[in-house]
Amino acid sequence: MLDPRDSSPSFSRAGRLAIAASVFVSTLSVLALAFMANYLAAHHAPRFYWGASRDYQLSPLTRTALQTLTNQVRVTVFFDRDHPVYPSVRALLREYRAVSPNLLIDYIDYTLHPTAAQEFRRRSPVTLRNEDPDLVLFEFGGRSKAVPARDLREYDTRAILRGQEAPPIAFNGEQLFTSAINAVCEGRPRKVFFLQGHGEHDLRGDAPQTGYRKLVDQLAEDNIEVAPLSLNGMDDIPKDCELLVVAGAQERLTGGERQVIDRYLRGGGRLFVLFAHRALSGMENLLAEWGITVGDSLVLDTENTDNGVLIVSQFGNHPVTRPLANSRLYLFLPRAVDAQPVANILGAPAQIKPLLLSGTNGIAVTAFAPDGYRLSAEDRRGAIPLAVAVERGSVPGVAASLGTTRIVAVGESTFLANSFIELAGNRHFAATAVNWLLDRSQFLGGIQPSPIHTYQITMTPFQERMLRWFLLVILPGGVLSLGVLIWWRRH
């Protein structure tokens, strides 16, 4: 006789509901635990970096700047999410936010949210370009600093000079974001004067090779106020001058003007001087007393020249050039600038170090003719210094104080003009040189660009077909077959 229990369902309706409720509650519990674990890990646990995530690991300089940030800085990411640099921007800012809750970050995708984008354009203190509006804007206390998307990546400028499409080679996000935070939080603007009246570069000019408008705009974004200066009839440099720039003087300064500059340096002044090709301005004689020799020369380096442009990748060990360790500069007709081995200048201890050098096969040509230059056996050969930094009156490792003289001398000036400042690391060199001269150590520290890794998979047509079949047929078909098998076994 059959037992009636053999034909009853395995589970009663009440039992099935109880099991469903148990599964539902268990799932919610697991999700809640996962959420709490992720929250605690994100806000309290130490961060670990694996593989590509190391590219966004913050430097000690950035972490210190963020940990000491007491004011709330507003950050607006105005980006098309399909922009190739957007994922890197978002990943890096996530690391910034994990260190400091005082960063208030808003994301605006102007393609998806036109109303929010229009409101941002209306209130934005910077002018957004219609063809390339993507940027990250930092704001605090009425001051702002914009980091355009075009500045966030370095490109292979050798390809640019050849007219080829240049692939990205580095991501400069951390350098520019930390600099922007420091700039808006710094306070009063610093005052920099550019000497005028001797054929120097035009501060507000747009000419490709003689205008310095882009450099001046960059300094303004870094909370630096720029003003022209004429020494005609003046006995002293203005007292509010924190840095004097002599950029590409074509005519000779008078003896009285050189005396004014020398007196300024003896009192602890700061000087950034850039020399023009074959133009004797008289600054050569003034700097000789400060341990710098500037020759009437032309430095050639055929192994590191592309389309007439000298590519510099050899840097001295100095705060100005340490952040440029993996970068390159592009110089045009540079002169040799040597550091003299002296321990004291005008009775005070001094440090004189080279900043930029040519390759080991460089030549300093000193013989010129109307149709160009002429090589001779007497020409100096080897790694030729192209820029020098001088610091007089300070203790090594201690921040510069009032009375400490600092000088940066470069045997070229066109590389910071409008058409060339964007190439390779030229803009970054200008920034680090000015920041060191102004003793803004928080803007230095050697934040390195993150390399951009490019991966490529090469497959034969047969391998492509097999991969397509595996992804579109075999893999989903296997899952479907497994589901059908389980259903069949249960019934």
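Looking for something at pLDDT 90 or above, of a type in the set (D, E, K, R) and either under 29 Å from LEU329 (Cβ atoms) or part of a helix (DSSP H, G or I) (or both) - is there at least one such residue anywhere in the range 135-154? No: zero hits. Does ARG129 meet the test of being in a helix (DSSP H, G or I) and outside the structural domain of GLU225 (by TED's automatic domain parsing)? So ARG129 does not fit the description; no.
Every listed requirement among (1) under 24 Å from GLN218 (Cα atoms); (2) surrounded by 14 or more Cβ atoms within 10 Å (Cβ to Cβ); (3) in contact with a strand residue (DSSP E or B) (Cβ under 6 Å, 6 or more places away or on another chain) is met by SER124 save one, (3).
Assess whether GLY211 counts as being under 30 Å from GLY142 (Cα atoms) and either touching a residue at least 40 places away in the same chain (Cβ under 8 Å) or touching an Asp or Glu at 6+ places or on another chain (Cβ under 7 Å) (or both).
Values: under 30 Å from GLY142 (Cα atoms): yes; either touching a residue at least 40 places away in the same chain (Cβ under 8 Å) or touching an Asp or Glu at 6+ places or on another chain (Cβ under 7 Å) (or both): yes.
In short, yes.
Within the set GLY362, GLY411, the sole residue that is in the same structural domain as MET283 (by TED's automatic domain parsing), buried (at least 21 other Cβ atoms within 10 Å of the Cβ) and farther than 24 Å from ASP439 by Cα turns out to be GLY362. Counting only strands (runs of 3 or more DSSP E) wholly contained in the range 313-388, the ones carrying 3 or more residues that are under 30 Å from ARG263 (Cα atoms) and in contact with a strand residue (DSSP E or B) (Cβ under 6 Å, 6 or more places away or on another chain) occupy 337-339, 348-357.
Cβ separations smaller than 9 Å between residues 6+ apart or across chains give the following pairs from the range 175-186 residues that are under 17 Å from PRO101 (Cβ atoms) and surrounded by fewer than 22 Cβ atoms within 10 Å (Cβ to Cβ) to residues that are modelled with pLDDT under 85 and among the aliphatic types (A, V, I, L, M): CYS185/ALA65.
Go through the residues of the range 65-73 one by one and say whether even a single one is buried (at least 16 other Cβ atoms within 10 Å of the Cβ) and more than 28 Å from ARG322 (Cβ to Cβ).
Quick first cut of the range 65-73, residues buried (at least 16 other Cβ atoms within 10 Å of the Cβ) only: 65-66, 69, 73.
From the residues that got through so far, the ones that are more than 28 Å from ARG322 (Cβ to Cβ) too are none.
No; the residues of the range 65-73 include none that is buried (at least 16 other Cβ atoms within 10 Å of the Cβ) and more than 28 Å from ARG322 (Cβ to Cβ).
Listed by first and then second residue, the pairs with beta-carbon distance under 9 Å, at least 6 apart or on different chains, first residue in the range 234-258 and at positive phi, second in a loop (DSSP other than H, G, I, E, B) and acidic (Asp, Glu), are GLY248/GLU200; GLY248/GLU412.
Yes or no, residue by residue, for (1) modelled with pLDDT of 90 or more; (2) assigned by TED's automatic domain parsing to the domain that holds ARG278; (3) farther than 16 Å from PRO323 by Cα:
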site: TYR373; (1), (2), (3): no, yes, yes
site: ALA383; (1), (2), (3): yes, yes, yes
site: GLY393; (1), (2), (3): no, yes, yes
site: ARG440; (1), (2), (3): no, yes, no
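Taking residues in the range 75-90 that are farther than 15 Å from PHE177 by Cβ, and partners anywhere that are aromatic (Phe, Trp, Tyr), the pairs with Cβ atoms closer than 8 Å and at least 6 places apart or on different chains are ASP80/TYR86; ASP80/TYR110.
Note on the range 167-197: among residues that are assigned to a strand (DSSP E or B) and closer than 16 Å to HIS428 by Cα, the one that is modelled with the lowest pLDDT is ILE169. Against the test of being β-branched (Val, Ile, Thr) and buried (at least 24 other Cβ atoms within 10 Å of the Cβ), the options VAL388, VAL342 yield a single qualifying residue, VAL388. If the condition is being among the hydrophobic types (A, V, I, L, M, F, W, C), at pLDDT below 90 and out of contact with any helix residue (DSSP H, G or I) (no Cβ under 8 Å at 6 or more places or on another chain), then the range 97-134 contributes only VAL126. Hey, could you check the range 286-312 for residues that are more than 26 Å from the chain's Cα centre (by Cα) and assigned to a loop (DSSP other than H, G, I, E, B) and say which is nearest to GLY199 (Cα to Cα)? That would be ASP296.
Select from the range 262-285 the residues that are in a helix (DSSP H, G or I) and buried (at least 22 other Cβ atoms within 10 Å of the Cβ) and list them in ascending order.
The first filter runs over the range 262-285 and keeps only residues in a helix (DSSP H, G or I), leaving 262-266, 283-285.
LEU265, MET283 - these are the residues of the range 262-285 that are in a helix (DSSP H, G or I) and buried (at least 22 other Cβ atoms within 10 Å of the Cβ).
The values are calculated or read from the model by the stated rules, or taken from the named source; none is laboratory data. Only a predicted model underlies this, so the values are computations on that prediction, with no experimental measurement involved. When we count neighbours, we look across all protein chains shown, and the Cβ atoms used for this are built from the backbone with ideal geometry, even at glycine.
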